[in-house]
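See below for the structure under consideration.
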Amino acid sequence: MKRIEGYDYDVVICGGGVVGCSLACLLAKANFKVALLDRDVRADRSSQKNDSRIFAITISSKRILNKTGAWHLIPEDSISPFRRMHVWDENGDGEIRFESASICEPAMGYIIAQNFLTDALFQKINEFENIDLIKGASPKSIEKDANAICIDIDNSQELKTKLVVAADGSNSKVRQLCNINFQKHDYEQSALACVVTTEIEHSAVARQRFLSDGPLAFLPMKNPHQSGIVWSAKPERIDELLKLDKATFQNELAVAFENKLGQIKESTERNIFPLSRAQADHYVQPRLALIGDSAHTVHPLAGLGANLGILDSASLAEILIDTFNSDRDIGRLQVLRRYERWRRTENQQIMYMLDGFKYLFENKFQSVQWLRNLGLDIVDEMPIVKNAIMARAMGLKGNLPRFARNYN
Ligand SMILES: Cc1cc2nc3c(=O)[nH]c(=O)nc-3n(C[C@H](O)[C@H](O)[C@H](O)COP(=O)(O)OP(=O)(O)OC[C@H]3O[C@@H](n4cnc5c(N)ncnc54)[C@H](O)[C@@H]3O)c2cc1C
């Protein structure tokens, strides 16, 4: 492998969230020289950030995180495997249950607080001598020519590299500086997230109830009485829920969840996230690639946003490593287009599927509600269909990068 003279880095990644960190580790393991920028001075101490998001991590993401070397650094008592999932509808008695054993997998996925995940990734990043972490830095301007891309950051440094990767989230500054349009569809919903303690044990079952104005999910954590919740509804309703005192909120939550886990005994600070589906018109330009939320955002109803981003990282890493190892230029549009074709198609399919679910469950026509309940019951009785849906949601099907396959 030959490094081209005159560059500060092979790749500059802007954004140290789960997605940017995963890419940094995969590339560093393959001997790339990487700079990872984050505007937050506490980027590598995510436990100090106020974010109660709890992620449901798929089997394919776990495999990728394993290959980054970070998975085993997550404290074992903060990873909660779940084996079953129960989904039901507020309007009617249709329901569907999934179980990982029916496709011979030990778990459907893993529930992890996002700060444990990023802390482990940063621990790994600090072990690599070929990654420079630049905190408190945001890009100010970006200039390209045929052979290089220069990123000027607001601590007055200029970095010259072969490729810039935007992993700086849905409001990506890099995407804006490169004039890439982000087509946004506002769901007119917000999500409220917090951690709750329940009277009844969750038994490692992930549960989601579709209410008429949005889904309410309980994600089982390691403590059998603790769940991360994501409650999506109209922004006015979420604002109301935010303003409620703790006891009233806990009461409303238990009722909305049909007391499936009994009373809510305790709840942490509530965080709110506006929800939209969005996709960048282009994932790539010469010497530039977008990954994760900077390229696309989806509804959290299936807990897939970060998982799709981790798959972006692994797919881009695969293409870049193969290109690098054959002494070709990793910043060429022709190379990057392979990544765009691959991931755009996969992400688009998931976006349509999630929108389909969302509108089906929020449809208030009685005939649709009846059909929906019937459909849930029918699918529940069809193991082949059910297993196919489950394998896709667990990240076991689709065009997977080699880091997400089991055998390497
Ligand atoms: C309520 C809720 C629940 C969710 N649950 C799940 C789930 O269960 N499973 C799942 O897979 N997904 C889930 N998601 C989606 C998930 O949160 C996102 O898809 C994921 O965090 C995107 O990761 P990212 O690294 O691309 O971006 P982010 O997590 O947004 O990280 C971006 C990083 O870039 C940095 N940054 C931003 N701007 C700049 C700048 N100008 N310069 C330098 N650095 C910058 C930020 O500091 C941050 O570190 C959920 C989302 C919500 C709202």
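The values are calculated or read from the model by the stated rules, or taken from the named source; none is laboratory data. Just so it is clear, the model here is predicted, and its values are computed rather than measured. So basically every Cβ, Gly included, is an ideal-geometry build from the backbone, and we count neighbours across all protein chains shown.
For region 316-329, which positions are without any contact (Cβ under 8 Å) to a residue 40 or more places away in the chain and either near the ligand (Cβ under 7 Å from one of its atoms) or in a helix (DSSP H, G or I) (or both)?
Matches in region 316-329: 319, 322, 323.
Can you go through 225, 202, 185 and tell me which one is in contact (Cβ under 8 Å) with a residue 12 or more places away in the chain, more than 15 Å from the ligand (Cβ to nearest atom), touching a Ser or Thr at 6+ places or on another chain (Cβ under 8 Å) and within 22 Å of residue 239 (Cα to Cα)?
Numbers: 225 fails: within 22 Å of residue 239 (Cα to Cα); 202 fails: within 22 Å of residue 239 (Cα to Cα).
Unique residue meeting the criteria: 185.
Which condition breaks for residue 265 when tested against (1) within 16 Å of the ligand (Cβ to nearest atom); (2) among the basic types (Lys, Arg); (3) surrounded by fewer than 24 Cβ atoms within 10 Å (Cβ to Cβ)?
Every listed condition holds for residue 265 apart from (1).
Could you list, in sequence order, all residues of region 211-222 that are away from the ligand (no atom under 15 Å from the Cβ) and either farther than 21 Å from residue 248 by Cα or outside any strand (DSSP E or B) (or both)?
212, 213, 222
Output the residues belonging to region 299-315 that are touching a strand residue (DSSP E or B) at 6+ places or on another chain (Cβ under 6 Å) and either assigned to a helix (DSSP H, G or I) or β-branched (Val, Ile, Thr) (or both).
300, 301, 306
Would you pick out the residues in region 126-147 that are in contact with a strand residue (DSSP E or B) (Cβ under 7 Å, 6 or more places away or on another chain) and in a loop (DSSP other than H, G, I, E, B)? Please lay out each step first, then the result.
Of region 126-147, the ones in contact with a strand residue (DSSP E or B) (Cβ under 7 Å, 6 or more places away or on another chain) are 130-135, 137-143.
Hits for region 126-147 are 130, 137, 138.
Kindly provide the set of residues from region 240-249 that are within 17 Å of residue 211 (Cα to Cα) and either more than 26 Å from the chain's Cα centre (by Cα) or loosely packed, with under 14 Cβ neighbours inside 10 Å (or both), ordered by number. Break it down into steps so the answer makes sense when it comes.
Kept after step one, since they are within 17 Å of residue 211 (Cα to Cα), are these residues of region 240-249: 240-241, 249.
240, 249, listed by residue number.
Where in region 1-79 are there strands (runs of 3 or more DSSP E), lying wholly inside it, with at least 2 residues that are in contact with an Asp or Glu (Cβ under 6 Å, 6 or more places away or on another chain) and either at pLDDT 95 or above or in the same structural domain as residue 322 (by TED's automatic domain parsing) (or both)?
On the way: elements: 9-14, 34-38, 54-57.
Output list is empty.
Taking region 331-344 as the region of interest, how many residues are within 22 Å of residue 308 (Cα to Cα) and either in a loop (DSSP other than H, G, I, E, B) or hydroxyl-bearing (Ser, Thr, Tyr) (or both)?
1
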